[in-house]
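Here the structure comes first, spelled out in structure tokens, and everything after it is commentary.
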Amino acid sequence: MSDNLKVKAARGLFWSSVDRFSSQGISFVFSIFLARILDISDYGIVAMIVVFMAVAQAFVDSGFSSALIRKPDLNEEDKSTAFYFNIIVGLACYGILFIVSPLIADFYDEPLLSPIIRVTGLSIVFNSLCVVQRTLFTIAVDFKTQAIISLACTVISGVVGLVMAYNGYGVWALVAQSTISTFLNFVLLWLCSRWRPVTGFSKASFHYLFNFGSKLLASGLLDTLYNNAYPIVIGKFYNSAQLGLYSRAQGYASLPSSNITGILQRVTFPVLSLMQDDDEKLVNNYRRLLRMSAFVVFPLMIGLAAIADPLIRVLITSKWAGCIIYLQIICFAMMLYPIHAINLNLLQVKGRSDLFFRLEVIKKLFGVIVLLVTVPLGILYLCVGLVLTSFVSLFINTYYTGKILDLGVIKQIKDMTPAFLNSLLMGIVIFSVQLFVDSDLLRLLLGIILGFILYGTVALVVAPSDIKELKNILDKNDRKD
């Protein structure tokens, strides 16, 4: 990788991290206060409609963002075509949701869902208006602008949601927070982006974009439906309070894992696309990313599982204690998500969206089987099923990576093993020490401090190169900014 590209990638990783963790960190703070005020069932009601919003958003994008990023000779017709397509699909999706919202409410036997869907669905339209602008910032590896926008949206919408919660608006506080954030994001992206559609709709551009994006759309829909199958099943066969506990556990587990996954997907795809014809460079830089991902995400997830009990009790009170065991299990399920993401990014970089889709079908079929087996056993076993599915998916994802780039599961596991063993040791020590402490706050603080010191000390001995790599990324951004 050239020095210029290294700096570009490092800056991208830095600002994408700032974007994710500053906005998500502030959102996390707001969520603590909201969870203390609102009922558990309020979160369950919102979780019931997440799948419908996610499916609609998948259709709005239709893989066009990835197609634009990968296209080497991107022109104005491509951008304008994607823009008009996004808007048409966004309006169509909102119209469909508006009409079928009473049927969804009947399915869950929750009348309040109909008006909630009609308000929350406006986010689909707002998102459709700024897909291209966001994609162009990503192509330029300009995550600094996106970070500032995201931070502003999070703060303003969070304040609105908190004020509404304090004034007794219940679930509508969560609805308003989400919808206002999306609207502000659309407005600020338009204000900060200089791009405007300057040509009409091009059939040739649409054919290229849809040919590549349609396979990613199919994969995305499968992934979205599968990931939200659990909330659908829990909401239908259990109740909103139990769904609220599950969604809170999943939300906290997603904070480090999904955000790191999102960072890696946003940054690695455009950067690795620049070296798509050089397999040796792809493999070398992928393995660096793999080791760095494991070095960061494994201790975060295992550490979170170890301190889950005092964390929940201190932050959102013991009324949420029912979600602790779910959180501990889901952490191990989501630990490998960033690794999955980079493997799938490699297939996109090599233009093999067909293999991408094939892998998604295989993984989801296995996941559905696990879901059907665990549904009658209870939510606890549903969470265990997630762990099993995640580890099996590692072997499935690496099958074609190994065939295309000689980077199979054995090599990848070898790269990840030092970070995993160090993280596991850290988690066992943290969990064991907590058994001898009574105060929840002291257990939490002791777990965090001890985990940081222990993992860092062992890493200095067994993985100094990973620490050096992380330091280099931070130093490059310090010098640049």
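The values are calculated or read from the model by the stated rules, or taken from the named source; none is laboratory data. Values in this document were obtained by computation on a predicted structure and should not be read as measured data. Cβ placement follows ideal geometry from the backbone for every residue including glycine, while neighbour counts extend to all protein chains displayed. What goes into the accessible areas is simple: the full protein's heavy atoms, side chains included, and nothing from ligands, DNA or RNA. Shrake-Rupley method; radii C 1.70, N 1.55, O 1.52, S 1.80 Å.
For the range 321-336, does any single residue satisfy the condition of being farther than 29 Å from residue 450 by Cα and of a type in the set (Val, Ile, Thr)? Break it down stepwise before answering.
At the first step, the residues of the range 321-336 found to be farther than 29 Å from residue 450 by Cα are none.
Within the range 321-336, none of the residues are farther than 29 Å from residue 450 by Cα and of a type in the set (Val, Ile, Thr).
Within the range 89-110, work out how many residues are hydroxyl-bearing (Ser, Thr, Tyr) and either within 17 Å of residue 233 (Cα to Cα) or open to solvent by less than 20 Å² (accessible area, probe 1.4 Å) (or both). Here the count works out to 2.
Among all positions in the range 28-35, there is at least one residue which is assigned to a helix (DSSP H, G or I), open to solvent by 30 Å² or more (accessible area, probe 1.4 Å) and modelled with pLDDT under 85.
Looking across the range 439-461, just one residue is in contact with a Pro (Cβ under 7 Å, 6 or more places away or on another chain) and of a type in the set (Phe, Trp, Tyr), and that is 455. On inspection, residue 267 fails the criterion of being open to solvent by less than 10 Å² (accessible area, probe 1.4 Å), in a helix (DSSP H, G or I), under 25 Å from residue 26 (Cα atoms) and modelled with pLDDT of 85 or more. Look at the range 154-179: where a residue is under 18 Å from residue 23 (Cα atoms) and a partner is acidic (Asp, Glu) and surrounded by 18 or more Cβ atoms within 10 Å (Cβ to Cβ), sitting 6+ places away or on another chain with Cβ atoms under 7 Å, you get 174/42.
Looking at the range 399-419, is at least one residue within 18 Å of residue 308 (Cβ to Cβ) and either at pLDDT below 85 or open to solvent by 30 Å² or more (accessible area, probe 1.4 Å) (or both)? Walk me through it before giving the result.
Step one: of the range 399-419, the residues within 18 Å of residue 308 (Cβ to Cβ) are none.
Scanning the range 399-419, I find no residue that is within 18 Å of residue 308 (Cβ to Cβ) and either at pLDDT below 85 or open to solvent by 30 Å² or more (accessible area, probe 1.4 Å) (or both), so the answer is no.
So in the range 142-165, with the set limited to residues that are among the β-branched types (Val, Ile, Thr) and open to solvent by 30 Å² or more (accessible area, probe 1.4 Å), which one is nearest to residue 67 (Cα to Cα)? Per the stated criteria, the residue is 145. Among the residues that make up the range 345-361, is at least one of them closer than 30 Å to residue 295 by Cα, modelled with pLDDT of 90 or more and of a type in the set (A, V, I, L, M)? No.
Is it the case that some residue within the range 452-467 is part of a helix (DSSP H, G or I), within 30 Å of residue 229 (Cα to Cα), open to solvent by 60 Å² or more (accessible area, probe 1.4 Å) and modelled with pLDDT under 90? Outline the logic, then answer.
Of the residues in the range 452-467, the ones part of a helix (DSSP H, G or I) are 452-462, 464-467.
Remaining after also requiring within 30 Å of residue 229 (Cα to Cα): none.
For the range 452-467, residues part of a helix (DSSP H, G or I), within 30 Å of residue 229 (Cα to Cα), open to solvent by 60 Å² or more (accessible area, probe 1.4 Å) and modelled with pLDDT under 90: absent.
I'd like the full set of residues that are at pLDDT 90 or above and surrounded by fewer than 19 Cβ atoms within 10 Å (Cβ to Cβ), limited to the range 280-299. None - no residue of the range 280-299 is at pLDDT 90 or above and surrounded by fewer than 19 Cβ atoms within 10 Å (Cβ to Cβ), so the list stays empty. Kindly check whether there is at least one residue in the range 120-141 that is surrounded by fewer than 21 Cβ atoms within 10 Å (Cβ to Cβ), free of Cβ contacts under 8 Å to residues at least 12 places away in the same chain and not in a helix (DSSP H, G or I). So far as the range 120-141 goes, yes, one or more of its residues are surrounded by fewer than 21 Cβ atoms within 10 Å (Cβ to Cβ), free of Cβ contacts under 8 Å to residues at least 12 places away in the same chain and not in a helix (DSSP H, G or I).
Quick one: which of 325, 329 is modelled with pLDDT of 90 or more and surrounded by fewer than 20 Cβ atoms within 10 Å (Cβ to Cβ)?
After applying the criteria, what remains is 325.
Checked against (1) over 15 Å from residue 334 (Cβ atoms); (2) surrounded by 15 or more Cβ atoms within 10 Å (Cβ to Cβ), residue 395 passes all but condition (2).
Within the set 311, 304, 359, 382, the sole residue that is under 24 Å from residue 255 (Cβ atoms) and open to solvent by less than 20 Å² (accessible area, probe 1.4 Å) turns out to be 382.
For the range 197-252, how many residues are β-branched (Val, Ile, Thr), open to solvent by 30 Å² or more (accessible area, probe 1.4 Å) and more than 16 Å from residue 379 (Cβ to Cβ)? Going through the range 197-252 one residue at a time, the tally reaches 2.
Of the listed requirements (1) under 20 Å from the mean Cα position of the chain (by Cα); (2) touching a residue at least 24 places away in the same chain (Cβ under 8 Å), residue 362 misses just one: (1).
Being over 24 Å from residue 247 (Cα atoms) and either aliphatic (A, V, I, L, M) or modelled with pLDDT of 90 or more (or both) narrows it down to one of 176, 204, so name that one.
On the way: 176 fails: over 24 Å from residue 247 (Cα atoms).
Answer to the check: 204.
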